[in-house]
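Inspection log for the structure reproduced underneath, given as structure tokens.
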Amino acid sequence: MRIEEPKKVNGFKIVHTIPDMTEEEREQKKKEILLKLYNYFTYNKKQSTQK
């Protein structure tokens, strides 16, 4: 899917390209992103407490 912003920003046209996904694919992608965020923050928390 392609979405174009109606207004130009600094003379540039903004275009968003969103891949077409089924509901199941969307839910799986959400889980992957949340897991990556969780791992990132828990890793950084461990690193900051070890100092």
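The values are calculated or read from the model by the stated rules, or taken from the named source; none is laboratory data. In this text the structure is predicted, and so the values were computed from the model without any measurement. The protein model used for the area step is the full one, side chains on, heavy atoms only, and it has no ligands, DNA or RNA in it. Shrake-Rupley method; radii C 1.70, N 1.55, O 1.52, S 1.80 Å.
For segment 36-51, how many residues meet the condition of being within 30 Å of Ile3 (Cα to Cα) and either in a loop (DSSP other than H, G, I, E, B) or open to solvent by less than 100 Å² (accessible area, probe 1.4 Å) (or both)?
Selection size over segment 36-51: 1.
So, in segment 1-34, of the ones that are of a type in the set (A, V, I, L, M) and open to solvent by 100 Å² or more (accessible area, probe 1.4 Å), which residue ends up modelled with the lowest pLDDT?
At the first step, the residues of segment 1-34 found to be of a type in the set (A, V, I, L, M) are 1, 3, 9, 14-15, 18, 21, 33-34.
Checking the rest, the ones that are also open to solvent by 100 Å² or more (accessible area, probe 1.4 Å) come to 1, 34.
Details: Met1: 77, Leu34: 94.
Going through the qualifying residues, I end up with Met1.
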